[in-house]
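Each remark here refers to the structure printed beneath this line.
Every read-out reported here was derived from the displayed coordinates using simple, explicitly stated rules and does not represent laboratory data. Everything quoted here is computed from the prediction, not taken from an experiment. A quick note on method: Cβ atoms are made from the backbone with ideal geometry, for glycine too, and the neighbour counts reach across all protein chains shown.
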Amino acid sequence: MLKKLETATLGAGCFWCVDAVFQELNGVEEVVSGYAGGSVDNPTYQQICTGATGHAEVIQIVFDTAVITFADLLEVFWRTHDPTTLNRQGADVGTQYRSVIFYHNEAQKAAAEQSRAEADAAGLWPNPIVTEIAPFHTFYPAEAYHQDYYRQNGRQPYCRLVIDPKMRKFRAAFADKLKKPAL
């Protein structure tokens, strides 16, 4: 079967958590942590942490639409973070942690808007969704030590206390969408 690759760019708080989730989905070819939505070229992690650059911590996902759809990615997105808290995910606070979908084309924009309306109507959260849906412009990959952070640093306290519980919940909810282990 011929692969049909597409790109999605999503922000849902700390990119270490988001990267860990999406890497495990069947049909996801690549996940890169980085920055988008700001006004400074080639920002550093230290710069975006100030909140002054306007960037969000995001992941850029390359996925095979013959295996997983953009709508499937959005379903995981909605259910693996709190899209009702403005500029915050858990203890992480600031515009860099905002919930955002950067759409790459009009079809993604329409799917994102429909998905947000459906997720909001489903009543999964007591408060309304505040996720931003914005056009994609530029993506800047984060520094090398941020890439594949959970797999590389799974024994670190942040990974054990914050990411591990999220991953257990994610794996249970989306077992049918996970990559199969190599034999």
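Among the residues of the stretch 1-51, write down those that are in contact (Cβ under 8 Å) with a residue 60 or more places away in the chain, of a type in the set (A, V, I, L, M, F, W, C) and part of a helix (DSSP H, G or I).
Phe15, Trp16, Cys17, Val18, Ala20, Val21, listed by residue number.
Please determine, by comparing only the residues of the stretch 123-148 that are out of contact with any Lys or Arg (no Cβ under 7 Å at 6 or more places or on another chain) and among the hydroxyl-bearing types (Ser, Thr, Tyr), which one is farthest from Pro43 (Cα to Cα).
Tyr145
Test each condition in (1) surrounded by fewer than 17 Cβ atoms within 10 Å (Cβ to Cβ); (2) more than 21 Å from Leu161 (Cα to Cα); (3) acidic (Asp, Glu) for Asp92 and report the one that comes out false.
That leaves (2) as the condition not met.
The conditions are (1) touching a Gly at 6+ places or on another chain (Cβ under 6 Å); (2) part of a strand (DSSP E or B); (3) more than 22 Å from Phe170 (Cβ to Cβ), and Ile133 fails exactly one of them. Which is it?
For Ile133, the failing item is (1).
For the stretch 101-122, check the following and say yes or no: at least one residue is in contact with a Lys or Arg (Cβ under 9 Å, 6 or more places away or on another chain) and either part of a strand (DSSP E or B) or among the basic types (Lys, Arg) (or both).
Scanning the stretch 101-122 turns up at least one residue that is in contact with a Lys or Arg (Cβ under 9 Å, 6 or more places away or on another chain) and either part of a strand (DSSP E or B) or among the basic types (Lys, Arg) (or both).
Within the stretch 105-132, track down each residue that is in contact (Cβ under 8 Å) with a residue 40 or more places away in the chain and farther than 17 Å from Ala12 by Cβ.
Scanning the stretch 105-132 gives a single hit, Pro126.
If you take the residues in the stretch 23-60 that are touching a Leu at 6+ places or on another chain (Cβ under 7 Å) and buried (at least 23 other Cβ atoms within 10 Å of the Cβ), which one is farthest from Ser99 (Cα to Cα)?
Among residues in the stretch 23-60 that are touching a Leu at 6+ places or on another chain (Cβ under 7 Å) and buried (at least 23 other Cβ atoms within 10 Å of the Cβ), the one farthest from Ser99 (Cα to Cα) is Ile59.
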